[in-house]
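Comments concern the structure below.
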Amino acid sequence: LPALSDEAASAEARAVFDEIRETRQTDYVNNFWRVLAHDPAQLKSVWDRVGSVMGPGALDPVVKEMIYIAVSAANGCGYCVHSHTASARAKGMSPAMHAELLAVIAMASQTNALATALQVPVDERFLA
């Protein structure tokens, strides 16, 4: 689906675009939201959920973005890896933190694959 311009989007979608601009203090609405605008109800639902999950909470905003990067890498979502890397950098992720994050992602990918392929049974004490 093409990314919708403000002019091509419905009034409902434009209202979400305005929320995005206001929340992020920018005039830019990225392509994810613009493509999702083909379904304004889903656009609104996902935007609201993102605000709830990624908003203030027990986890630091940079940590949330780094988790998002790791999950996006595991799921093979290049768009999400790039957009959340940019967001993490904007929230304070340093180059050293990014490098360490990538090392953890690589390590987890390797050990996950080994444990799965070897069919390692879960230790009883980890099940509690």
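Structure above, values below:
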item: Subset of segment 36-68 [open to solvent by 50 Å² or more (accessible area, probe 1.4 Å), within 23 Å of Val81 (Cβ to Cβ) and either touching a residue at least 60 places away in the same chain (Cβ under 8 Å) or of a type in the set (A, V, I, L, M, F, W, C) (or both)]; result: Val53, Leu59, Val63, Ile67
item: Wholly enclosed helices (runs of 4 or more DSSP H) of segment 28-122 bearing at least 2 residues in contact with an Asp or Glu (Cβ under 9 Å, 6 or more places away or on another chain) and at pLDDT below 95; result: none
item: All positions within segment 7-22 that are in a helix (DSSP H, G or I) and over 20 Å from His82 (Cα atoms); result: Ala11, Glu12, Ala13, Arg14, Ala15, Val16, Phe17, Asp18, Glu19, Glu22
item: Conditions (1) farther than 17 Å from Ala108 by Cα; (2) exposed (fewer than 12 other Cβ atoms within 10 Å of the Cβ): number failed by Asn75; result: (1)
item: Positions within segment 9-35 being open to solvent by less than 40 Å² (accessible area, probe 1.4 Å) and closer than 30 Å to Met97 by Cβ, in sequence order; result: Ile20, Val29, Asn30, Trp33, Arg34
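The values are calculated or read from the model by the stated rules, or taken from the named source; none is laboratory data. Note that this is a predicted model, so its numbers are computed, not measured. Quick reminder, even Gly has a Cβ in these numbers, built from the backbone with ideal geometry, and neighbours come from all protein chains shown. Calculation scope for accessible area: heavy atoms of the full protein, side chains included, ligands and nucleic acids excluded. Shrake-Rupley method; radii C 1.70, N 1.55, O 1.52, S 1.80 Å.
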